[in-house]
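Q: Got a structure for you, questions after.
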Amino acid sequence: MAADDFVLAPEELRAVARFAASCASRVLPDFEAVAPHDSRPREALDAARIFAEGAPRSNRQRTAAIAAHRAAREAPDERARLAALACGDAAAAAYLHPIARASQVGHILRAAACAAIVHESRPGAEPGSEVRALIALAEEPVPAILRRYPPAPEGRTRLAQVMGEIDAALRSGAGAPPTDGASGA
């Protein structure tokens, strides 16, 4: 192991996959509404959930992630593309590497960022509401795992910006329930 690498326990990987799957499940209907006969994103989400529920990590997560990412490239519109990408990322979360590189943050947060963008593109969506909801889904140990990595890389795309916003909020403890005595009351 390199000096900046660390160990990720299987339950920690499962927690990350569970978080990513929870985020992706919120937008899978956006993909299925326009591509009802393409099961690749659903299969990726199922693979992520199977791992998150305790099955061993297997080639199923890897191949399902790749297939869902292909579905994203073939999607008929941007919302469907991001939804399929989120599902693929949920399956890929099982392969988060324990190396302290900012590039690994996408395994933790990209599904959430995709879900937030899909939600904000829906008619009548309240700006920022989905980001707050997704942050609330990131229960421990997900924020603690995230803090082992450098911050999400900055980028100019909306996806990179939202991922950075979620990253900063989780690192700061935003959205987490206060602990006893934290409110000062």
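The values are calculated or read from the model by the stated rules, or taken from the named source; none is laboratory data. This is a predicted model, so every value here is computed, not measured. Note that each Cβ is placed from the backbone with ideal geometry, even for glycine, and that neighbours are counted across all protein chains shown. SASA here: full protein model, heavy atoms, side chains in, ligands and nucleic acids out. Shrake-Rupley method; radii C 1.70, N 1.55, O 1.52, S 1.80 Å.
Q: Would you please name the residue that is modelled with the lowest pLDDT, looking only at residues in the range 166-185 that are among the hydrophobic types (A, V, I, L, M, F, W, C) and surrounded by 12 or more Cβ atoms within 10 Å (Cβ to Cβ)? Give the derivation first.
A: Filtering the range 166-185 for residues among the hydrophobic types (A, V, I, L, M, F, W, C) gives 166, 168-170, 174, 176, 182, 185.
Checking the rest, the ones that are also surrounded by 12 or more Cβ atoms within 10 Å (Cβ to Cβ) come to 166, 168-170, 174, 176.
Values: ILE166: 97, ALA168: 96, ALA169: 96, LEU170: 97, ALA174: 70, ALA176: 47.
Ranking the candidates gives ALA176 first.
Q: Looking at ARG101, ARG73 in this structure, which one is over 14 Å from the mean Cα position of the chain (by Cα), more than 26 Å from LEU170 (Cα to Cα), of a type in the set (D, E, K, R) and surrounded by fewer than 20 Cβ atoms within 10 Å (Cβ to Cβ)? Quick ask: steps written out before the conclusion?
A: Values: ARG101 fails: more than 26 Å from LEU170 (Cα to Cα).
Being over 14 Å from the mean Cα position of the chain (by Cα), more than 26 Å from LEU170 (Cα to Cα), of a type in the set (D, E, K, R) and surrounded by fewer than 20 Cβ atoms within 10 Å (Cβ to Cβ) holds for just one of ARG101, ARG73, which is ARG73.
Q: Provide a single number: the residues in the range 146-171 that are of a type in the set (Val, Ile, Thr) and over 13 Å from the mean Cα position of the chain (by Cα). Explain how you work it out, then say what you get.
A: Keep residues of the range 146-171 that are of a type in the set (Val, Ile, Thr), which gives 157, 162, 166.
Checking which are over 13 Å from the mean Cα position of the chain (by Cα) leaves us with 157.
Looking only at that region, the number is 1.
Q: Being open to solvent by less than 40 Å² (accessible area, probe 1.4 Å) and modelled with pLDDT of 95 or more is the filter here; which residues of the range 145-165 pass it? Please lay out each step first, then the result.
A: Here is the first cut: in the range 145-165, the ones open to solvent by less than 40 Å² (accessible area, probe 1.4 Å) are 145-146, 149, 152, 155, 159-160, 162-164.
ILE145, LEU146, TYR149, LEU159, ALA160, VAL162, MET163, GLY164 - these are the residues of the range 145-165 that are open to solvent by less than 40 Å² (accessible area, probe 1.4 Å) and modelled with pLDDT of 95 or more.
Q: Mind checking which residues of the range 118-131 are assigned to a helix (DSSP H, G or I) and of a type outside the set (A, V, I, L, M, F, W, C)?
A: Within the range 118-131, HIS119, GLU120, SER129, GLU130 meet the criteria.
Q: Which residues, counting only those in the range 120-144, are open to solvent by less than 50 Å² (accessible area, probe 1.4 Å), within 20 Å of PRO98 (Cβ to Cβ) and over 13 Å from the mean Cα position of the chain (by Cα)?
A: Result: PRO141, ALA144.
Q: Scan the range 21-58 residue by residue and report those that are open to solvent by less than 20 Å² (accessible area, probe 1.4 Å) and touching a His at 6+ places or on another chain (Cβ under 8 Å).
A: VAL27
Q: Name every residue in the range 132-151 that is in a helix (DSSP H, G or I) and not aliphatic (A, V, I, L, M), in order of residue number. Don't jump to the end; show me each part of the working.
A: Initial filter on the range 132-151 (in a helix (DSSP H, G or I)): 132-137, 142-146.
Correct list: ARG132, PRO143.
Q: Select the helices (runs of 4 or more DSSP H) contained entirely in the range 1-117, then report the ones holding at least 1 residues which are at pLDDT 95 or above, within 27 Å of GLY155 (Cα to Cα) and among the hydroxyl-bearing types (Ser, Thr, Tyr).
A: Here the list reads 10-25.
Q: Find all pairs meeting these conditions: Cβ atoms under 9 angstrom apart; at least six residues apart or on different chains; first residue within the range 75-87 and touching a residue at least 60 places away in the same chain (Cβ under 8 Å) and over 15 Å from ASP46 (Cβ atoms); second residue open to solvent by 10 Å² or more (accessible area, probe 1.4 Å) and not in a helix (DSSP H, G or I).
A: Sorted first by the residue in the range 75-87, then by its partner, the pairs are LEU82/ALA75; LEU82/SER121.
Q: Scan the range 82-98 for residues that are crowded, with 20+ Cβ neighbours inside 10 Å and not aliphatic (A, V, I, L, M) and jot them down.
A: Scanning the range 82-98 gives CYS87, GLY88, ASP89.
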